[in-house]
Amino acid sequence: MLFSLLIVLHLCFVLLWSACGYLVYIRDVAGPQLHFPYKASKESTLEYCGPTTDNFEDLIVSEDMGLDKAEEQTDEHGLAVVRNILSGKTASNLRDYILRANHKIESTFVLSGQNRYHIMPTHEEPAIQAALKEIGTHPVMKPLIDRMLGPKSSLVAFSVITNLYGAQDQIWHYDTGTSHASYPDYFVPEYTLAIPLQDTTKEMGATGICPGTHKCSWPDVDWEDLEEEYNSDPTAQGVYGSFDQWTRYHLPCDLAVNVTAGDGMLYNADVYHRGSGHKDPNAPERVVAFLTFAGSRQSPQDHRSLPLGTVHSLDWRSWGHTIDDFATVDTKPWRLWHPFGLFNPCRAHGIRPWTVLDYFFMIFRHSNEAMHMISADFDEEYFEELVYDTIWQVSCASIVYLGIVPFIWIWLFLQLSRKVQRLQVVKIKQS
């Protein structure tokens with residue numbers, strides 16, 4: 001028994017030092033090599049430009065449109081609205097589950113978070129699996145995502161935001177920092193699929209969108225008119241503090257996506273958008289599921305990166321999977337080794353989905369990167385502290401280990417020697 005315990009202690013000791021060595025390797029060797037080589041990548045210059053349309057009907061993609069036309073329209077506007085991604089029953093079941101889960105799953109970072117829940121559910125819930133299956137087999141949305149991102153695009157974010165009455169307007173923003181828009185040869189593109197789980201009106205906080213701004217450095221607006229509007233509001237300076245801050249809430253993009261339960265809006269991560277405030281006291285909570293897909297690396301020679309500055313809100317168990325896995329999520333379980341890129345069937349075809357380890361390395365590519373699935377504070381500085389703390393703890397454990405284990409071995413040796421002597425005495429007496 002004691003001998004077995006010693007073997008276990010030895011294994012733990014080896015594993016601890018191996019983990020410690022790996023952390024040091026990441027921090028001192030791999031990390032510094034992963035910073036973005038701006039000079040080595042060709043930059044695409046973006047200019048000021050305005051919205052490509054103010055008509056919601058221009059954004060709708062239907063099944064009879066044809067895939068080529070759908071791709072062209074989506075690329076022009078940076079987004080597409082597709083009806084009935086989820087059936088009414090699936091959307092209702094998922095909404096009921098999310099409203100219960102809001103009180104059980106810890107809420108994570110979201111802009112203007114007061115009166116908003118933001119949770120990262122897992123794929124293990126039956127209501128989630130039913131929704132994923134319908135997305136992965138949809139005759140319009142699935143082929144469109146394949147066209148925009150390439151085959152077997154990776155799931156890199158899956159979260160649900162619930163707006164309660166009183167939630168405030170978010171600022172106009174895009175979801176990336178440095179991305180495919182500026183450096184298409186270094187970063188893979190990302191598209192987010194937003195699916196409301198109830199009929200949504202503008203007063204409930206329907207998503208505001210600026211079509212076409214994924215190709216803009218900033219929306220082209222009439223600054224004189226905006227400044228005149230700002231100066232005419234006596235409360236603006238007291239509420240917002242400055243004209244620059246005021247404009248972040250008042251861009252002249254009045255297009256709101258008023259959709260029904262189960263409809264989907266696929267938008268480029270670089271499109272300017274925002275969640276509006278929930279201002280209707282008689283309306284229910286606005287619940288929206290967000291799934292972000294990124295182009296998978298198509299070969300071992302494909303060294304592109306995920307965009308920087310993006311909050312990839314995804315439970316760690318869901319990394320390493322592609323949209324093609326959605327169709328069989330209920331028959332082919334997602335295993336615990338898939339997030340680490342192990343035994344993934346995609347690799348047989350040279351395609352590499354994004355894994356949790358890829359995301360882990362990203363915290364060294366930009367000072368503001370963080371792993372929100374662990375903590376909003378899990379960035380490079382936090383990781384350095386983790387390394388030092390781990391080294392200190394392992395060192396203390398090693399001192400204790402090296403101070404105690406030799407005496408245990410000596411005691412075992414003495415006990416074994418005494419047992420051998422007794423056996424010899426017994427044999428002598430018997431002879």
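Show which lysines lie in cross-link reach of LYS202 when reach means a straight Cα distance below 21 angstrom and same-chain residues fewer than eight apart are skipped. Leaving aside lysines fewer than 8 places away in the same chain, those within reach of LYS202 are LYS279. If a/c stays under 1.5 just call it rounded; otherwise compare a/b with b/c (prolate if a/b is bigger, oblate if not). Do that for region 69-108, with a ≥ b ≥ c from the square roots of the Cα gyration tensor eigenvalues. It is oblate, given that a/c is not under 1.5 and a/b is not larger than b/c. Give the lysines reachable from LYS69 as a straight Cα distance under 26 Å; neighbours fewer than 8 places away on the same chain don't count. Reachable lysines: LYS133, LYS142, LYS152, LYS215. Across region 44-130, the mean sequence separation of Cα contacts (distance under 8 Å, 6 or more residues apart), normalised by length, yields a relative contact order of 20 percent. Using only the Cα atoms of region 240-296, build the gyration tensor, take square roots of its eigenvalues as a ≥ b ≥ c, and label the shape rounded, prolate or oblate: rounded if a/c is under 1.5, else prolate if a/b is larger than b/c, else oblate. Verdict is oblate for region 240-296. With the simple spin-label model, which puts each label point 7 Å out from Cα in the Cβ direction, the GLU57 to LYS427 separation comes to 10.2 nm.
Note on region 213-332: with charges restricted to the Cβ of Lys and Arg (+1) and Asp and Glu (-1), its dipole about the Cα centre is near 800 debye. Residues whose amide H lies under 5 Å from that of HIS123, counting only those 5 or more places away or on a different chain, are absent; hydrogens are built 1.01 Å from N in the peptide plane.
Peptides 93-100, 219-226, 77-84, 152-159 ranked from most to least packed give 152-159, 77-84, 93-100, 219-226, packing being the mean of other C-beta atoms within 10 angstrom over each peptide's residues. Classify region 171-245 from the C-alpha gyration tensor, please: rounded if a/c falls under 1.5, else prolate or oblate depending on whether a/b exceeds b/c. Oblate, because a/c is 1.5 or more while a/b does not exceed b/c. Maximal additional length on extending the ASP233-LEU336 stretch stands at 31.6 nm, based on 0.36 nm per residue less the C-alpha distance. Under 23 Å of direct C-alpha separation, and excluding same-chain neighbours fewer than eight residues apart, LYS419 reaches these lysines: LYS427, LYS429. Sorting 46-58, 201-213 by average packing, meaning the other beta carbons within 10 Å per residue, from highest down gives 201-213, 46-58. Net charge of the neighbourhood of ALA157, taken over other residues with C-beta under 11 Å away and scored Lys/Arg +1, Asp/Glu -1, is -3. From the alpha carbon centroid of region 174-216 to that of region 250-270 is 8 Å. Projecting the Cα atoms of GLN298, LEU226, PHE243 onto the charge dipole of region 170-311, computed from C-beta unit charges around the Cα centre, puts GLN298 farthest toward the positive end.
Alpha carbon centre of region 220-243 versus region 289-324: separation in Å? Answer, in whole Å: 39.
Read the figures in this text as sums done on the coordinates, not as results from a lab. No experiment lies behind these values; they were computed from the predicted model shown. Neighbour counts run over all protein chains shown; Cβ positions are idealised from the backbone, glycine included.
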